[in-house]
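Enquirer: Handing you a structure now.
What follows draws every value from the coordinates through simple rules; no lab data is involved. What you see is a predicted model, and the numbers here were worked out from it, not measured in a lab. A quick note on method: Cβ atoms are made from the backbone with ideal geometry, for glycine too, and the neighbour counts reach across all protein chains shown.
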Amino acid sequence: MRILSLHYPLPNAQIDNKDIFNAPALFEYDVIIFHPLGFEQAIFNWLNDEEEFYTASGEKVIQEPSGNNARNIYEILEQRSNEIDTFLKRDGILIMYAVPEMAITADPEEPAVVQRNIFSRIRLKLFPQSSNQEAEELPNEQFSTSRYSLINFGKAFFGENTPNDLGEGVITNWIIPGSGFTNMTENDFNYFNKNIFQNLLRNHAKNIAYQAYFDPSIQDDSKFSVILTTVKSETIIALAANCVYGQIFFLPCFTQASTDEAMTEARLLVNDIDFIMNK
C-alpha cells in the first residue's frame, strides 16, 4: 500500500510526505491525501519568493517557459491534474480535508467578514495567458481556479460523459465556511458510516477543528453519503463521494499542535485506510 500526503505533514513510515512539485507520478500511489490550504500556501509562498520548489528530477519551478533544467509551473499543475484523473481511474483513494473557497474571519470586537481565498486572487499571476477581458467578466476576483483546481470532480462523478455545466463547482459550491470548533469530544459527533475512518474520527475527535461544513441539501444527491455530523446542529462535516472512478472522501480539518499529534493522526489514518482497502 503506497500513501502520499501532499502539503500536509503526516509523519509515518507508510506515508510519503511531498509537495505537488517534488512528488513522483501521482498515479503510482494507492492513496493520496490532499490538504487544499497547504497547496494554496505553497503557491503563495512561491509567488512571493519566500520558498523555492523543485521537481522530483531536480528542475526548478519557474513562471517562465520550461528550459535550462527548469519547469513552468502551469505545465506542472496541468500534468498533476491529469495524473489525478489517471489515479482515480485506477481505483485510487483520494482523501481531502474540507476547506471552503471562502473563509470567515472575525476580530473579537468586530462582526465576521468574508475573506476571499488567496488562490483566487493570484490566478492572473499564476496563469498570465488569461486575458484581461476574461478577468473583467469574472466578478469579485472569483476565478475558475480554486483550492480544488487539481481535481476534476465532474469526471470523477460522471465519467467521460460529464455534463458541460459541471466543473470543480460540483462540490465546492456545497462547501460552506465553518467556525472551526475545537475542544469537542467523541460524544459531540454522530458517526453515520461505521466502516469509514472510525479510528481517526472517534479516537482523534478532540483534535477536530473543522473549517467547513456541507450544505444539508447534499444528502438528497445519491453521489454523496454522510460520514460525520455534529450532534447539536446535525452539521455535516465529513462526506464520502460515490464516484465512477476511484473513491473520494472529505474529512474535517484537525489541529496539529505538536509532532506527537501529527503522528497520532497519521497512525489512525493508516489504520483506517488499510481497513477500507481490505474490507
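Enquirer: In whole Hz and in residue order, list the ³J(HN,Hα) couplings for region 9-17 that follow from phi through the Karplus curve 6.51 cos²θ - 1.76 cosθ + 1.60, θ = phi - 60°; x for Gly and Pro.
Expert: With the stated coefficients, region 9-17 comes to x, 9, x, 6, 4, 8, 10, 8, 9 Hz.
Enquirer: Listed here are the pairs Lys18/Lys155; Lys18/Lys223; Lys18/Lys60; Lys89/Lys223; which of them are more than 22 Å apart at the Cα? Can you show the working numbers first?
Expert: Numbers: Lys18/Lys155 25 Å; Lys18/Lys223 30 Å; Lys18/Lys60 15 Å; Lys89/Lys223 17 Å.
Correct reply: Lys18/Lys155; Lys18/Lys223.
Enquirer: I need the calculated FRET efficiency for the pair Thr255 and Asn72, taking r as the beta carbon distance and R₀ as 35 Å, to the nearest 0.05.
Expert: E(calc), rounded to 0.05, equals 0.45.
Enquirer: How many angstrom lie between the Cα centre of region 217-279 and the Cα centre of region 18-63?
Expert: Comparing the Cα centres of region 217-279 and region 18-63, I get a distance of 23 Å.
Enquirer: Give me the net charge of Phe157's neighbourhood, meaning all other residues with Cβ under 10 Å from the Cβ of Phe157; Lys, Arg count +1, Asp, Glu -1. Write down the numbers at each step before the final one.
Expert: Values: positive: Lys155, Lys223; negative: Asp221.
Charge balance near Phe157 sits at +1.
Enquirer: Within the set of other residues whose C-beta is less than 15 Å from the C-beta of Thr259, count the net charge using Lys and Arg as +1 and Asp and Glu as -1. Show your work: numbers first, answer last.
Expert: Numbers: positive: Arg267; negative: Asp260, Glu261, Glu265.
Result for the neighbourhood of Thr259: -2.
Enquirer: Sort Val231, Val244 by Cβ crowding within 10 Å, fewest neighbours at the top.
Expert: Ranking Val231, Val244 by Cβ neighbours within 10 Å, fewest first, gives Val231, Val244.
Enquirer: Among Glu78, Glu261, Glu40, rank each residue by its count of other Cβ atoms within 10 Å, from fewest to most, as a rough exposure measure. Walk me through the numbers on the way to the answer.
Expert: On the way: Glu78 12, Glu261 15, Glu40 20.
Placing the least packed residue first, the sequence is Glu78, Glu261, Glu40.
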